[in-house]
1. Could you say which residue among Glu10, Glu25 is in contact with a helix residue (DSSP H, G or I) (Cβ under 8 Å, 6 or more places away or on another chain) and modelled with pLDDT under 95?
2. Please verify whether Arg48 is surrounded by 14 or more Cβ atoms within 10 Å (Cβ to Cβ), modelled with pLDDT of 95 or more, in contact with a helix residue (DSSP H, G or I) (Cβ under 7 Å, 6 or more places away or on another chain) and of a type in the set (D, E, K, R), treating the condition exactly as stated.
3. Of the conditions (1) within 15 Å of Glu25 (Cβ to Cβ); (2) surrounded by 12 or more Cβ atoms within 10 Å (Cβ to Cβ), Glu91 fails just one. Which one is it?
4. Cβ contacts < 8 Å: first residue over 13 Å from Val35 (Cα atoms), restricted to the stretch 74-89; second residue among the β-branched types (Val, Ile, Thr), any location; separation 6+ or different chain. Result?
5. Looking at Arg41, is it within 17 Å of the chain's Cα centre (by Cα), surrounded by 17 or more Cβ atoms within 10 Å (Cβ to Cβ) and of a type in the set (D, E, K, R)?
Amino acid sequence: MSAPNWGEFENRSPAREPAEAGRDEKIAETALRAVSNPDGRALMDYLRSITIERHYAPGSPDALLRELEGQRRLVHHIEQLAEAARKAIAERGKNPPR
């Protein structure tokens, strides 16, 4: 058996169906609407404070650090979705919500 050529996987994104791309745009716009009002901004500030801005001691258990990283990833993903929608709306010439 030959060794795998891992280089062929670099810079390669999974194939996406057109319907999935449209769904992603709708979800991004939903995320933007959800976080663009005062309540949504307050929620995101809270989520950032308990995830991204939280720090544990270097000797913390591995499981705790992994859990925190997963939570951070989810908050970051919501922020990325909202920003992608903000940019897409701006490119279409509309005023995106802030």
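The values are calculated or read from the model by the stated rules, or taken from the named source; none is laboratory data. Everything numeric in this text was worked out from a predicted model, so none of it was measured. Note: ideal-geometry Cβ built from the backbone for every residue, glycine included; neighbour counts use all protein chains shown.
1. Details: Glu10 fails: in contact with a helix residue (DSSP H, G or I) (Cβ under 8 Å, 6 or more places away or on another chain).
Just one listed residue meets the conditions, Glu25.
2. Values: surrounded by 14 or more Cβ atoms within 10 Å (Cβ to Cβ): yes; modelled with pLDDT of 95 or more: yes; in contact with a helix residue (DSSP H, G or I) (Cβ under 7 Å, 6 or more places away or on another chain): yes; of a type in the set (D, E, K, R): yes.
Yes; evaluated as a whole, the condition is true for this residue.
3. (2)
4. The qualifying pairs are Leu74/Thr51.
5. Numbers: within 17 Å of the chain's Cα centre (by Cα): yes; surrounded by 17 or more Cβ atoms within 10 Å (Cβ to Cβ): no; of a type in the set (D, E, K, R): yes.
It is false that Arg41 is within 17 Å of the chain's Cα centre (by Cα), surrounded by 17 or more Cβ atoms within 10 Å (Cβ to Cβ) and of a type in the set (D, E, K, R).
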